[in-house]
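This report concerns only the one structure given below.
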Amino acid sequence: MNFKNILVIRSDRFGEFLLNIPAMRALKKLYPQAKLTLAVNSAVCELAGAVECVDAVVVWDEVKGNLRKHKFGLGVVLNPTKEAHWAVFWAGIPARVGYDRKWGFLLTHKLKDTKHQGTRHEVDCNLELVGLLGAKNDEIASAPAAPAAPRNDTEWLMLPRDDKYEFLAGAIAIHPFTSDPVKQWPAERFGELARRIMEYRGQSPAGTVPSKVKVVFVGRTEDRGQSPSGTVPSSDGIINMINKTSLVELAALLKRCSLLISCDSGPMHLAAAVETSVIALFRNDLPGKTAQRWGPWGNGHLVIEKSNLNAITVDEVFNEVKERLNR
């Protein structure tokens, strides 16, 4: 098969979307002359447009009822829904690839969906899906919290050359929120961690820790009923960028930072995508929600896992930060 017009659907949140980039790259490598159109949630559109292997981006809710006119030869449904499976079938797309659930009988190529078991990383699962077509991945070994093989020279996200975040070069970023309360480390501990980092910066021997190291808080709160009030300490060197960036701007900001500290979240995956090191805080007692499936993908990350996030102390996280500062 030699497809010239390919539709890839990933219509949920941006963290999950980012973990499909390796699969998209593998697909583009298999069909380099094909036009790859990505259908996404409207909130993800700008970020999706920065993915280097994607040729066009459309909003899923705007095109799902009228796919036939685009004459796609291949449709890949990365997050299974009855709606998406029906849409690619009704549009007459000849080759339809996806997971065998939620009306998977409408697909021509399907893979048993075992992701909920949490035994493999989400990236691996999505690579296996496009592997049904013969797509191969030779970029990264599967190891969310361990060293991995280097990526290709081409970057995953093509970010605008904008120096407005240059003042944050080398900063430590903190994302204190999650979309799921069961994955939330107490928000006040992120504030205490930031204060400890600032105190250490002031107390460390000259030349040991850069005297201008900053801490920047990032993220968005409007959809979660969360407030930065009381989370972001008022202190010299601590910068509050919560609710102040788009996703592409957040990617550019994180790319300039030396480290992100976060629970399982979209910004955690975004930092990994721009090759910024992550210290990620995870529960390991929830099947399908552990770092084995959702940990930061790539090189140089650290996962701290416990069955109760309250058992992860500020001291424990701070000691890991301190070790990195002293390298």
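Table for the structure above
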read-out	value
Enumeration of residues in the stretch 55-77 that are under 19 Å from A34 (Cβ atoms) and assigned to a loop (DSSP other than H, G, I, E, B)	D55, L67, K71, F72, G73
Test set (1) under 17 Å from E62 (Cα atoms); (2) modelled with pLDDT under 95; (3) of a type outside the set (D, E) - G15 fails condition number	(1)
Condition met for V63 (modelled with pLDDT of 95 or more and surrounded by 18 or more Cβ atoms within 10 Å (Cβ to Cβ))	no
Those residues of the stretch 281-327 which are of a type in the set (A, V, I, L, M), free of Cβ contacts under 8 Å to residues at least 40 places away in the same chain and surrounded by 14 or more Cβ atoms within 10 Å (Cβ to Cβ), in sequence order	I304
Residue among S258, S265, S234 that alone is under 13 Å from the mean Cα position of the chain (by Cα) and either polar (S, T, N, Q) or farther than 18 Å from R13 by Cα (or both)	S265
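The values are calculated or read from the model by the stated rules, or taken from the named source; none is laboratory data. These numbers were taken from a predicted model, which means no experiment stands behind them. Positions of Cβ are generated from backbone atoms using ideal geometry, with glycine treated the same way; all protein chains shown enter the neighbour counts.
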